[in-house]
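All remarks here apply to the structure that follows.
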Amino acid sequence: MFDRSNELGAWDRDHLFHPATEAGAHTRGEIQTRVISGGKGVYITDKSGRTFLDAFAGLFCVNVGYGRQKIAEAIAKQAKELAYYHAFGDYGTEAPITLSKMIIDRAPAGMSRVYFGLSGSDANETNIKLAWYYNNVLGRPGKKKIISRWRGYHGSTVMTGSLTGLELYHKAFDLPRTPILHTEAPYYFRRPDTTMNGEQFAQACVDMLEDLILAEGADTIAAFIGEPIQGAGGIIPPPTGYWSKVQSLLKKYDILLIADEVVSGFGRLGRMFGSDHYDIRPDLITISKGLTSSYAPLSGVIVSDKVWQVLVKGSDELGTIGHGWTCSAHPICAAAAIANLELIDEMDLVSNAHDTGAYLRSALAEALGNHENVGEVRGDGLMAAVEFVEDRDNRIFFDASKKVGEQVAAALLERGVIGRAMPQGDILGLAPPLCLTRHEADIIVESTLKAVDAVFVR
């Protein structure tokens, strides 16, 4: 029988430019092409017929799980009725109007409007422009710098790649660009002074942030952007008191707070939004991934009433706000999001993320917490990370060239479970769909333990 997957693999190597891939190794066939053909719940299947438990929900995104017919039917229905019309000026379509109301109903207090795009990267581009526009309208043309954090992930365009604080996204791209600045990540496990408790380390991070603000001049800083819990940088929960201290500092210097909830939004942390989970009151919120569970590309910026009033003032004085994409507020994508949000409610996925997430993290800690090469098991909600070290007692990390994290992820894949080797460290990341059951959590833990034992042969 003709193996279609072999032909697709050849076409893939010859024609498709993959994102975030080792291009040479892929072209030469040194990286196996795995063509995914189907999925149901937390499982996906490739063209060869092999099934995997996807313990990373695609890329932190398939919150409701795979194969949800309700979303597929909503997409088809909208495509048949009206596949596209733009949202420029006074035009609109029903689905994004309805969706904007649904989002505001679920958003943290004080939020007012939603601007729709297609990816988290373009949503953060919008945030940058809004922060600049906001300060221009208020007569503060010098207040334009934006502070991000090392290990943060906010996109991979020129400006959002600059916001991102990971070497991979800067190397050979002439990034980061001005006026983007970076400050310390609240990465407690890698704190320089191990005598600090969580709250002391949080204060140290905030002190470094204030030092940066004062060195640059508070009148030059427009905004601070941060993920409620750092995601791609290693699944790093904030230490005790971090966000309350950061918010007090930003208020003191009149600096906007942008909460990047591309990963944490729509249930991932056991609350609808990570901002509510950590008691954050942002001026702008970035959303994407979980908004549609990536059944269709859609992102958004949720604008606070405080910022919205300034945007209205600016438009009254300056005319049309010159920002928008051809596919902003796309009706098909919005229809997918409506069905997705309804499923999150109907399946009680926010509560399940809270309960099953706690079970998964506890089981991981019990199975691996005392392993001599496990430095830390951490996470929050339905997010977990296992960080590997050469010497746990003295916090000695492996040489990066050994690619220990990648070895563990590969060994896990061999056992039918997909995890992710996180960048800039030997870290295995886990963030399954929010429909995960305890039985499936047990499979993840058992397979991870076997993968770790296979890599660290005692």
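What the table shows:
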{"read-out": "Cα-only radius of gyration and Dmax that characterise segment 128-263, units Å", "value": "14.5, 46"}
{"read-out": "Cβ-based net charge around Ser288, under 13 Å, with every Lys or Arg adding one and every Asp or Glu removing one", "value": "-3"}
{"read-out": "Between segment 251-266 and segment 286-317, the alpha-carbon center distance in angstrom", "value": "12"}
{"read-out": "Value of [θ]222 nm, deg cm²/dmol, for the chain, DSSP H segments ≥ 4, -39500 (n - 2.57) each, nearest 500", "value": "-12500 deg cm²/dmol"}
{"read-out": "For the chain, alpha-carbon Rg relative to the globular expectation (2.2 N^0.38 Å, N residues)", "value": "0.98"}
{"read-out": "Förster-model FRET efficiency, 56 Å R0, Trp11 and Thr194, C-beta, rounded to 0.05", "value": "0.60"}
{"read-out": "Potential extension, Ile36-Asn136 segment - 0.36 nm per residue separation minus Cα distance", "value": "31.3 nm"}
{"read-out": "Distance (nanometres) between label positions extended 7 Å along Cα→Cβ at Ala76 and Glu94", "value": "1.9"}
{"read-out": "In nm, spacing of pseudo-spin labels at Trp150 and Asn370 (7 Å Cα→C-beta vector)", "value": "3.5"}
{"read-out": "Normalised contact order of the chain, rounded percent, pairs of Cα under 8 Å and 6 or more residues apart", "value": "20"}
{"read-out": "Percent of alpha-carbon pairs separated by more than 19 Å within segment 248-335", "value": "52"}
{"read-out": "Under 11 Å from the Ala215 label point (7 Å along Cα→beta-carbon), backbone N, segment 173-206", "value": "182-184"}
{"read-out": "Three principal axis lengths of segment 82-346 [C-alpha, angstrom, descending]", "value": "60, 45, 39"}
{"read-out": "Candidate lysines for bridging to Lys144, where Cα separation is under 16 Å - those fewer than 8 sequence places away on the same chain excluded", "value": "Lys129"}
{"read-out": "Shape metrics for segment 80-146, restricted to C-alpha atoms - Rg then Dmax, Å", "value": "15.1, 49"}
{"read-out": "Under Karplus coefficients 6.51, -1.76 and 1.60, residue-wise ³J(HN,Hα) of segment 316-323 in Hz, glycine/proline x", "value": "4, 8, 10, x, 3, 6, x, 8"}
{"read-out": "Residues whose placed amide H lies under 5 Å from that of Ala421, excluding near-sequence neighbours", "value": "Gly429"}
{"read-out": "Reachable aspartates and glutamates from Lys101, criterion Cα separation under 17 angstrom, eight or more residues apart if same chain", "value": "Asp305, Glu342, Asp345"}
{"read-out": "Computed label-point distance, nm, for sites Glu390 and Asp279 using a 7 Å Cα→Cβ extension", "value": "4.2"}
{"read-out": "The chain - share of DSSP beta bridges that are antiparallel (%, nearest 5)", "value": "65"}
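Throughout, read-outs are computed from the coordinates displayed, never taken from laboratory work. This is a predicted model, so every value here is computed, not measured. Neighbour counts run over all protein chains shown; Cβ positions are idealised from the backbone, glycine included.
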